[in-house]
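The values are calculated or read from the model by the stated rules, or taken from the named source; none is laboratory data. Since the structure is predicted, the reported quantities are computational estimates derived from the model, not experimental observations. Here Cβ is always computed from backbone atoms with ideal geometry, including for glycine, and neighbour counts include all displayed protein chains. Side chains included, ligands, DNA and RNA excluded: accessible areas come from the protein's heavy atoms. Shrake-Rupley method; radii C 1.70, N 1.55, O 1.52, S 1.80 Å.
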Amino acid sequence: MAKGMGKQVAQNKKAYHDYFIEETYEAGIVLQGTEIKSIRASRLNLKDAHARIQNGEVYLYNMHVSPYEQGNRYNHDPLRTRKLLLHKREISKLIGITKETGYTLVPLKVYLKNGFAKVLLGVGKGKKQYDKREDLKKKEAKRDIERAFRDRQK
């Protein structure tokens, strides 16, 4: 689990809207060339990203890391598949969880910790449309209560 998070570089807000996040795992990313420089400059997007397990290894798909401006020929493919680094017991646990129907691996955040790029992976179960509407209603009600409380204090 992620304890001492460093500088947060990117966050996938849509993941919390589309999934019930049940567990989180911290994973390292295998990067090439100038990718770390782009990540340090917060030039990445997690919007459509997801993770899959293949041959006992976890891979991250559709995470867009923009090419580094001064990278010239050492630049990378922005949407390439990146390997995630997890312990074997964590991977075997994830294999068991994702075999169940409805569960998927979603990247929630990318952050820098001790100079290394890390991904916070969430095990999520997809929300139905009525769940999303219910969450929006709760959020709106909470906002109204806070607003009324603030107005009363003035």
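Going by the structure shown, is K127 more than 14 Å from the chain's Cα centre (by Cα), surrounded by 15 or more Cβ atoms within 10 Å (Cβ to Cβ), farther than 28 Å from L31 by Cα and modelled with pLDDT under 90? Yes. Within the range 100-124, being touching a strand residue (DSSP E or B) at 6+ places or on another chain (Cβ under 7 Å) and surrounded by fewer than 15 Cβ atoms within 10 Å (Cβ to Cβ) holds for G102, F116. Taking the conditions exactly as written (open to solvent by less than 30 Å² (accessible area, probe 1.4 Å), over 27 Å from K7 (Cα atoms), touching a residue at least 24 places away in the same chain (Cβ under 8 Å) and of a type in the set (V, I, T)), does I97 satisfy them or not? Against the criterion (open to solvent by less than 30 Å² (accessible area, probe 1.4 Å), over 27 Å from K7 (Cα atoms), touching a residue at least 24 places away in the same chain (Cβ under 8 Å) and of a type in the set (V, I, T)), I97 qualifies. Inside the range 20-59, residues that are assigned to a strand (DSSP E or B), open to solvent by 70 Å² or more (accessible area, probe 1.4 Å) and over 14 Å from R82 (Cβ atoms) make up a count of 2.
Give me the residue from the range 1-19 that is in a strand (DSSP E or B) and either modelled with pLDDT of 90 or more or polar (S, T, N, Q) (or both) and, out of that set, surrounded by the fewest Cβ atoms within 10 Å (Cβ to Cβ). Filtering the range 1-19 for residues that are in a strand (DSSP E or B) and either modelled with pLDDT of 90 or more or polar (S, T, N, Q) (or both), the one surrounded by the fewest Cβ atoms within 10 Å (Cβ to Cβ) comes out as Q8. Would you be able to say whether some residue in the range 73-81 is in a helix (DSSP H, G or I) and in contact (Cβ under 8 Å) with a residue 40 or more places away in the chain? Yes - at least one qualifying residue is present in the range 73-81. E23 falls short on exactly one of the conditions (1) free of Cβ contacts under 8 Å to residues at least 60 places away in the same chain; (2) closer than 30 Å to E134 by Cβ; (3) of a type in the set (D, E), and that condition is (1).
All of S66, S92 fail the test of being free of Cβ contacts under 8 Å to residues at least 60 places away in the same chain, open to solvent by 40 Å² or more (accessible area, probe 1.4 Å), polar (S, T, N, Q) and out of contact with any His (no Cβ under 6 Å at 6 or more places or on another chain), apart from S92.
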